[in-house]
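This report concerns only the one structure given below.
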Amino acid sequence: MKHVISSLLVLAALLLLPACATLQSGGNFLQENQGAVAGLAGVAWTAQKLQYLKPEFLAGGLIAYGIYDPFSPTWEIKVTELDDERRRIDLNMKRLATGGDGEARQVFLRVAQALAEKGGHAGFDELRYTEGIESTRPFARRIAAGDIRLVTSRQFPAW
């Protein structure tokens, strides 16, 4: 049990390692990150007291973490070139997500704007846009799709 607690404390220290940049700027690490340090210590202590540090609980936590994958992007974006001017943008939300339900339109517009800027275009016209829910098993997910036309500047056509 002591080895597991030691491992958790080492993991907590590694998670807080990026915060050590405050040391280089003359800041006091413990004063600036006391909430995070106290939180991690509290989680380790509570997990030990509730006996959640048994291998079966740790394995279950790792499996849940692997399924949810909190560091993966919320939206899978696929861009298809239809012709020289038109692009189709398909968005698929990950199956297990916390939040982001109403942001499909914002993501679509950001991707369209990025495509226009990357290609040196003045902007884009939205030709079609749809949103919905794909009912797949075991989890449904949000989807969105749309077509855009990349436009050049009428005032400065050489750009």
Inset, instruction - Look at residue 4 and say whether it is at pLDDT 80 or above and part of a helix (DSSP H, G or I). - result: no
Legend entry - Matching residues in region 122-147 - criterion: being farther than 15 Å from residue 76 by Cα, small (Gly, Ala, Ser) and touching a residue at least 24 places away in the same chain (Cβ under 8 Å): 122, 123
Inset, instruction - Using the structure shown, decide if residue 30 is surrounded by 12 or more Cβ atoms within 10 Å (Cβ to Cβ), at pLDDT below 70 and aliphatic (A, V, I, L, M). - result: no
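The values are calculated or read from the model by the stated rules, or taken from the named source; none is laboratory data. Note that this is a predicted model, so its numbers are computed, not measured. Every residue, glycine as well, gets a Cβ built from its backbone with ideal geometry; the counts of neighbours run over all protein chains shown.
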